[in-house]
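**Q** Provided herewith is a single structure, encoded as structure tokens, for subsequent inquiry.
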Amino acid sequence: MKYNQRLTINELLKLLDNYNHKEFHIHHTWKPNYSNMKNSTPEKVNDGMRSYHKSLGWGEIGQHISTFPDGTILIGRNFSKKPVSIANRNTGNFAMEQVGDFDLGKDIITVKQRQITLELIRYFMKRGTKIVFHREYSSKTCPGTSLHKSGLVEASDYYLNNPGELRKWITGEDVAELQRKLGMTGRDVDGSFGNDTEKALKEYQTKNKLPVTGIYDNATRNYMEKGEKPMETTYRRLFIHGIEAKSVTVKDGKSYLWMESIGKLVPLVEFFEILGLKVEERPYGNGKALYVENKEV
Ligand SMILES: [Zn+2]
């Protein structure tokens, strides 16, 4: 491993297998920011940070890796050395600097750069490594007020399995694009999927008679991009009262119920199975019918 070496995400994850870091520290550089990246290269930007860190008496660059808007990953400090990352929390931990200023209203993280962060969060979560945002132990906003920890942790699961789906508290250029499509303008287009974006999305879903999930899911994306309505369900009625047929949605060939109480789509089959009923979906006309204990419902 050497300074300024470029790594793909897979090479990075393989390399990390050789270490046993206790915490994964997530930062943004604040400066340099995206506009400082123009007319420069990741290597030059890393060199600039190294010179600065040396001038602070750190001996070398503080972080183990730097990530860049184009998806480049560069090695900084050797992974076996402790970083200069968070006061009193450096020993045995791993530090990443995302180059950019991710405070609200400043840089909006690119999908490529966010992807690296999501992959690393997923990797470290699986290993039981603690995920730490710098601001949890500092008065700084680092890694930026536009980045939400809960959203990124959740997205490291759903987004990596279903790229394109966007939920509350994720951030990125793709969210900004969604916000523009929803008719949001000016400072509201901040790339951060918060309450205002969720509200606008739900209004759009209601208006267009889509499942009102508040999630930019396949049904909404297909409608927005191609004008395709989600497949109609063929359930004629549901015998559990309190659940209306209109709340059933078919997505990726499976049927779901939108459960307002937990804010989630629950697979219909799972729902009935929780009630101890044997459930099966069978073809019915152009759609599907639901059989509970071998009786059509
Ligand atoms: Zn920081």
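**Q** Within the range 66-123, which residues are touching a residue at least 60 places away in the same chain (Cβ under 8 Å), over 22 Å from VAL153 (Cβ atoms) and out of contact with any strand residue (DSSP E or B) (no Cβ under 9 Å at 6 or more places or on another chain)?
**A** Result: ASN78, SER80, GLY105, LYS106.
**Q** May I ask you to list the residues in the range 1-11 that are farther than 23 Å from GLY144 by Cα and in a helix (DSSP H, G or I)?
**A** Residues satisfying the conditions are ASN10, GLU11.
**Q** Restricting to the range 172-197, count the residues that are of a type in the set (Ser, Thr, Tyr) and either in the same structural domain as GLY144 (by TED's automatic domain parsing) or under 15 Å from the mean Cα position of the chain (by Cα) (or both).
**A** Here the count works out to 1.
**Q** Please work out which residue is farthest from the ligand (Cβ to nearest atom), limiting yourself to the range 88-132 and to residues that are hydrophobic (A, V, I, L, M, F, W, C) and closer than 24 Å to ASP188 by Cβ.
**A** VAL111
**Q** If the Cβ limit is 8 Å and pairs must be 6+ apart or interchain, which residue in the range 191-212 that is without any contact (Cβ under 8 Å) to a residue 40 or more places away in the chain pairs with which residue that is in a loop (DSSP other than H, G, I, E, B) and among the small types (Gly, Ala, Ser)?
**A** These pairs meet every condition: GLU198/GLY214; ALA200/GLY183; LEU201/GLY214; LYS202/GLY214; GLN205/GLY214.
**Q** For the range 192-218, which positions are buried (at least 23 other Cβ atoms within 10 Å of the Cβ) and not charged (D, E, K, R)?
**A** SER192, PHE193, THR197, LEU201, ILE215, TYR216
**Q** Quick one: which of SER80, SER85 is assigned by TED's automatic domain parsing to the domain that holds PHE24, within 13 Å of the ligand (Cβ to nearest atom) and of a type outside the set (A, V, I, L, M)?
**A** SER85
**Q** Ok, one more. State yes or no: is ALA176 at pLDDT 95 or above, small (Gly, Ala, Ser), touching a helix residue (DSSP H, G or I) at 6+ places or on another chain (Cβ under 8 Å) and closer than 26 Å to GLU97 by Cβ?
**A** no
**Q** Exactly one condition in (1) in contact with a strand residue (DSSP E or B) (Cβ under 8 Å, 6 or more places away or on another chain); (2) farther than 28 Å from THR110 by Cβ; (3) modelled with pLDDT of 90 or more is not met by THR213; state its number.
**A** Status for THR213: all satisfied but (2).
**Q** Looking at the range 149-179, which of its residues are within 16 Å of the ligand (Cβ to nearest atom) and either part of a loop (DSSP other than H, G, I, E, B) or crowded, with 20+ Cβ neighbours inside 10 Å (or both)?
**A** Residue satisfying the conditions is LEU152 alone.
The values are calculated or read from the model by the stated rules, or taken from the named source; none is laboratory data. These figures come from a predicted structure and were not determined experimentally. Please note: Cβ atoms are built from the backbone with ideal geometry, for glycine as well, and neighbour counts cover all protein chains shown.
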